[in-house]
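A short write-up of the structure that comes next.
The values are calculated or read from the model by the stated rules, or taken from the named source; none is laboratory data. Given the structure is predicted, the values throughout are model-derived calculations rather than measurements. Here the Cβ is made from the backbone with ideal geometry for all residues, glycine too, and neighbour counts use every protein chain on show. Ligands, DNA and RNA are excluded from the accessible area calculation, which covers all protein heavy atoms including side chains. Shrake-Rupley method; radii C 1.70, N 1.55, O 1.52, S 1.80 Å.
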Amino acid sequence: MSPAAVELDGIWKRFPGVIANAGASLTVRPGTVHAVLGENGAGKTTLMNCLAGVYLPDDGAIRIDGQEVRFSSPADALAAGIGMVHQEFRLVPTFTVAENVVLGAAPSILDMAAINREVAALAERFGFDADPERPVWQLSMGERQRVEILKALWRDARVLILDEPTAVLTPQEAVELGAVLRRMVEEDRAVIFISHKLDEVTSFCDEATVLRGGSTVAASIAIADVDAGQLAELMVGSSSAVKSLAPRVGVAGDVMLDVRKLTVTDSRGLTAVDALSLEVRSGEIVGIAGVAGNGQRALTDAIAGLETATSGSVTINGSDVTKAGTRERVDSGLAYIPEDRLGVGLAPKLPVTHNAVMRSYRTMRQGPLLSWDRAKAFCSDLISRFEVKVGRFDDPMASLSGGNLQRLLLGRELSGNPVVVVASQPTRGLDVAGVGAIQHLLVKQRDEGTGVLMISEDLDELLALADRILVMSEGRIVGEFDPRQASRAEIGEAMIGAHA
Amino acid sequence: MILAELTITETAVIGLFVATIQFATLLFLAGLGETISERAGVLNLGVEGMMAIGAVFGFIGGVESGSPWVGLLVGTIAGGAIALLHATAAVALGADQVVSGLALTMLGLGLADFIGDDYTSDPRRALFAEVDIPGLSDIRIVGDVLFSASPVTYMAIVLGVIAWFVLNRTSIGLGLRAVGQSASTADAAGHSVVGMRMGAVVVGGALAGMSGAYLSTFVVGAWSVGVTAGRGWIAVALVIFGAWRPGRVAAGALLFGFTLALQSRLQPFGVNFSPILVSMLPYLLTVGVLVVISIRARNQPSPSPAGLGIPYRREER
């Protein structure tokens, strides 16, 4: 048998306070698509970063085609034929597709006409549709991902690592990606596919390795021999962790958030939200599904008052706040969990206390001054009620982990007894415990009679939590579904429908 | 050149345009250097200081050796050497580029005054002679303006073409532009961000030094305190005016050079307009360009390098 394309043997990687990999192993055969499965925090990305030369492992061996290697930079790994497509794309927006593809691996004198032809030919060979002369800033996320893959192929990568590649894709684009990967392995290359979406893994991967808590719990199992349920059990340790939340008991009440024919023009002059109407009633969770970049952020920002509406209206609890500032909206009963939690939601360098009281500091006055005693009392109450793990109160916000940041943010926003909660990607990037806690808080809030508008790219999450699902595409609502009856396929079709 | 055949007005016009070309050369060399540095993502506000260093070393090198070419070389090397300070502080050590650049201006000006103290009233000269392009320099007026300039002007044109070619048609240029736009991307693609940036800053400093040496070996022809007279700052504005592109920087250098030439020549033309107001023109034009850029930026990316002014540190966890 030929040597494995990639062999990671007993990899250890420690970061201050965290052990990301504890003796993880992985063997990938050439000519296969190999899934690396695991929950958030299982150490998948760290392990792959060790292979791609981003991190130097503390211990363990990396062997490529049977030869032991030691990469001190991504460039070393690339030279050895290991290409990685990170979740955050590494592209120069002002460069063309071809310029991005050849960057770092270009002939010393550039003949752009010839390079454009070669890049186009390479794209065609793998079944991509790519215009080499278009600047990258004009491309969709899916198209940018193809540029990243082309970059690796231009360097003739024998092993391509894709870190959660389908997170930014429409279901249709994900299927196309699968076809491209199959074509790559036909040329005897190896593809490592990091994911936690089981349906994708079962549809186009050959083998899977499952990581849990930084170590390998199942190595190179043939996909044909297992079903999604078994994989899920390996990932989470027990099948009980995959639970569906109870649907609502009460009936939806009055309209708490009323958005009427809202149009928002983004900074580039494009219409981000296009005459969109929706309402959220008291005691219901309305989910907005859709591929990232279809106006979700402009919509939530316009509701929160961070973006100006070109036309249309926003009404919160009966009062028209279309032209109101953010404070007036907060006073009307709005709570906002922005997508960018450490930036828009929280101030990363300010202490925990400052962040905790940012919404309600006006109630902590002592004459003209702020009473720090009351602020600290408020903060410690928040921390204990929402189970936030913090060091000291004056630690900078950014020192907290993702889940704890989100708990504090949610706690702060919910402590003002809002009538409407707008939560954008509230569980993205959190670990299992964090996701569960945040979801539980949102459901509890709904059961207490608050209207919740939840934007998520995770359709499964919306199916589990939402009472109604609206599908957003190109700034419009293109469909409404009842999560108890709709299928994933139907919703997925609606998500991409407007593109056709 | 037979001056007797020209009318007084013609002589004045020629004088104006000859001075325009001289100032344009001066500004273009420094502006080109700053363009290279900024395209790599490093703002260097030390141009005025590097120019002063170039001027003093250019003069000393010239008069001590007797050759303006030696002066130009020494000034160029001195400019590159002092730029290494900014490269070390702002690139290698990640200090604030604005602060480090401003410090370089102050340091450069002071150091130049100190070094040049004994040379301020030195009667010796090491001057470039005009080079007449055979055939073309005899053309009436145009010949005097365009084809009878110092060799440095022709060299600046050649350097401009080389810089354009390297930036746009070579893999080094592609890497340099990538470093200025998105350092982490360039790093991941295997380009050395620190190496690239330090190189660009040093080359930029060398060109500013050359510009200063040109001042003391041709335009002014001597060294004196304050000889750079704020022209380094105009070069910084010129880069923005030229939208970080060598060709446009050259065009801007001609325009800004014209305003500099005009300042001392308004009176002879009988125009009663304050030269102080004229001297403000380059900055006014630059602000105008900045406004145009920011209006256009609503629909397309700004021509300014996205990573300009941001020190690069490799991501660590």
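On a 0 to 90° scale, report how tilted helix A:432-447 is relative to the longest principal axis of chain A, with both axes built from alpha carbons and the result rounded to the nearest 10.
Tilt relative to chain A: about 30 degrees.
Can you tell me how the protein assembly as shown classifies by the Cα gyration tensor, rounded, prolate or oblate, using a/c under 1.5 as the rounded cut? Intermediate values should be presented prior to the final figure.
On the way: a/c = 2.28, a/b = 1.72, b/c = 1.32.
The shape class here is prolate.
Calculate the dipole size of the range A:255-497 relative to its Cα centre from +1 charges on Lys and Arg beta carbons and -1 charges on Asp and Glu beta carbons; express the result in debye to the nearest 20. Spell out each step's value before the answer.
Details: 27 positive and 31 negative charges, 184 e Å.
Rounded to the nearest 20 debye, it is 880 debye.
In whole Hz, with x marking every Gly and Pro, tabulate ³J(HN,Hα) for the range A:351-364 from phi via Karplus 6.51 cos²θ - 1.76 cosθ + 1.60, θ = phi - 60°.
Rounded to whole hertz, the list is x, 4, 4, 4, 5, 5, 9, 4, 8, 10, 4, 5, 8, 10.
Which value in deg cm²/dmol, rounded to the nearest 500, describes the helix-derived mean residue ellipticity at 222 nm for chain B, given -39,500 (n - 2.57) per DSSP H run of n ≥ 4 and division by the residue count? Spell out each step's value before the answer.
Details: 12 runs with 203 residues, N = 317.
Calculated mean residue ellipticity at 222 nm is -21500 deg cm²/dmol.
Hey, what do the phi angles of the range B:227-232 turn into as Karplus ³J(HN,Hα) couplings, whole Hz, using 6.51/-1.76/1.60 and θ = phi - 60°, x for Gly and Pro?
5, 6, 6, x, 6, x
How many Å² of accessible area per residue for the protein assembly as shown, probe 1.4 Å?
On the way: 34740 Å² over 817 residues.
Counting only protein heavy atoms, the per-residue value for the protein assembly as shown is 43 Å².
If r is the Cβ-Cβ distance from residue A:327 to residue A:374 and R0 is 22 Å, what FRET efficiency results, to the nearest 0.05? Don't skip to the end; give the middle numbers.
Values: r = 20 Å, r/R0 = 0.90.
Efficiency, from the Cβ-Cβ distance: 0.65.
Counting partner chain Cβ atoms within 10 Å of every residue's Cβ in A:85-98, what's the average?
Working: counts 0, 2, 0, 1, 2, 8, 5, 12, 5, 11, 6, 0, 0, 0.
Counting Cβ atoms of other protein chains within 10 Å of each residue's Cβ and averaging gives 4.
Students often get this wrong: which residues of the range B:203-220 have the backbone nitrogen under 19 Å from the point 7 angstrom along Cα-to-C-beta of residue B:129?
What the label zone holds, given the 19 Å backbone N cut-off, is B:217-220.
Which percent, nearest 5, of DSSP beta bridges in the protein assembly as shown are antiparallel? Present the calculation step by step, with values, prior to reporting the outcome.
Values: 47 of 82 bridges.
Roughly 55 percent of the beta bridges in the protein assembly as shown run antiparallel, per DSSP.
Note the full-extension length gain between residue B:287 and residue B:314 as 0.36 nm times their separation in residues minus their Cα-Cα distance, in nm to one decimal. If you can, show how the numbers build up before the last one.
Values: separation 27, 0.36 × 27 = 9.72 nm, distance 3.42 nm.
Full extension from residue B:287 to residue B:314 adds 6.3 nm.
Full-extension gain between residue A:72 and residue A:129, please, as 0.36 nm times their residue separation minus the C-alpha to C-alpha distance. Numbers along the way, then the final one.
On the way: separation 57, 0.36 × 57 = 20.52 nm, distance 3.42 nm.
Separation in residues times 0.36 nm, less the Cα-Cα distance, equals 17.1 nm.
If R₀ is 35 angstrom, what is the calculated FRET efficiency for the pair residue A:219 and residue A:398, using the beta carbon separation as r and rounding to 0.05?
Working: r = 36 Å, r/R0 = 1.03.
That pair, residue A:219 with residue A:398, gives E of 0.45.
Among A:34, A:86, what's the order by accessible area (1.4 angstrom probe), most exposed first? Please list the in-between numbers first.
On the way: A:34 0, A:86 25 Å².
Of A:34, A:86, the descending order of accessible area is A:86, A:34.
Specify which residue in the list A:273, A:86, A:160 is farthest towards the positive end of the charge dipole of chain A, using unit charges on the beta carbon of Lys, Arg (+1) and Asp, Glu (-1), about the Cα centre.
Positive-most Cα among the choices belongs to A:273.
Say each of residue A:260 and residue B:106 gets a label point 7 Å from the Cα, pointing the same way as Cα to Cβ; how far apart are those two points in nm?
Inter-label distance under the simple model: 6.0 nm.
With each pseudo-label sitting 7 Å past Cα toward Cβ, what's the residue A:448-residue B:12 distance in nm, one decimal?
Calculated label separation equals 8.4 nm.
Once phi is turned into ³J(HN,Hα) by the Karplus curve 6.51 cos²θ - 1.76 cosθ + 1.60 with θ = phi - 60°, what whole-Hz value does each residue of the range A:26-33 show in order, with x for glycine and proline?
Here the 3J(HN,Hα) series is 7, 10, 10, 8, x, x, 10, 9 Hz.
With the dipole of the protein assembly as shown worked out from charges on the C-beta (+1 for Lys and Arg, -1 for Asp and Glu) around the Cα centre, which of B:47, A:369, B:31 lies farthest toward the positive end?
A:369
Averaging sequence separations of C-alpha pairs under 8 Å and six or more residues apart, then dividing by the length of the range A:354-499, give the relative contact order as a whole percent.
Working: 142 pairs, mean separation 21.9, N = 146.
Reported relative contact order: 15 percent.
Taking H placed 1.01 Å from N in the peptide plane, check which residues at least 5 places from residue B:170 or on another chain put their amide H under 5 Å from its amide H.
For residue B:170, the qualifying residues are A:110.
When the accessible area of each residue in the range B:161-197 is compared between its chain alone and the complete protein assembly (1.4 Å probe; ligands, DNA and RNA ignored), which residues differ by at least 50 Å², being lower in the assembly?
B:169, B:171, B:174, B:181, B:185, B:188, B:189
Which FRET efficiency value, to the nearest 0.05, do you get for residue B:279 and residue A:417 by plugging their Cβ-Cβ distance into 1/(1 + (r/R0)^6) with R0 = 56 Å?
On the way: r = 63 Å, r/R0 = 1.12.
Here the calculated transfer efficiency is 0.35.
What is the gain in length, in nm to one decimal, between residue A:188 and residue A:19 on full extension, counting 0.36 nm per residue of separation less the C-alpha to C-alpha distance?
Values: separation 169, 0.36 × 169 = 60.84 nm, distance 3.40 nm.
My answer for the length gained is 57.4 nm.
Can you tell which of A:425, A:334, A:463 lies farthest toward the positive end of the dipole of the range A:255-497, using +1 and -1 charges on the Cβ of basic and acidic side chains (Lys, Arg; Asp, Glu)?
Highest projection toward the positive end goes to A:334.
Mind checking the angle between helix A:372-385 and chain A's longest principal axis? C-alpha axes, 0 to 90 degrees, to the nearest 10.
That works out to roughly 60 degrees.
How large is the dipole of the protein assembly as shown about the Cα centre if only Lys and Arg carry +1 and Asp and Glu carry -1, each at its Cβ, rounded to the nearest 20 debye?
Details: 65 positive and 83 negative charges, 308 e Å.
Value, rounded to 20: 1480 debye.
Chains A and B: how much accessible area gets covered up at their contact, both sides added, probe 1.4 Å, in Å² to the nearest hundred?
Working: alone 22190 and 14730 Å², together 34740 Å².
Using a 1.4 Å probe on protein heavy atoms, the buried area is about 2200 Å².
Angle, helix B:8-39 long axis vs. longest principal axis of chain B, Cα atoms, 0 to 90°, nearest 10?
The angle comes out at about 10 degrees.
At 222 nm, what value in deg cm²/dmol follows for chain A if DSSP H runs of at least 4 each add -39500 (n - 2.57) and the sum is divided by all its residues, to the nearest 500?
On the way: 16 runs with 161 residues, N = 500.
Roughly -9500 deg cm²/dmol at 222 nm, from the helical runs in chain A.
Quick check: from the Cα gyration tensor, does the range A:14-94 come out rounded (a/c under 1.5), prolate or oblate?
Since a/c stays below 1.5, the shape of the range A:14-94 is classed as rounded.
Could you count how many Lys pairs in chain A have their Cα atoms under 24 Å apart, skipping same-chain pairs fewer than 8 positions apart?
Number of lysine pairs found: 12.
How many angstrom lie between the C-alpha centres of the range A:341-390 and the range B:197-227?
So the two Cα centres are separated by 55 Å.
Find, among the trypsin sites (Lys or Arg not before Pro) in the range A:407-500, those assigned to loop by DSSP (not H, G, I, E, B) with at most 12 other beta-carbon atoms within 10 angstrom.
Details: sites: A:407, A:412, A:428, A:444, A:446, A:468, A:476, A:484, A:488; in loops: A:428, A:484.
Here the sparse-neighbourhood loop sites are A:484.
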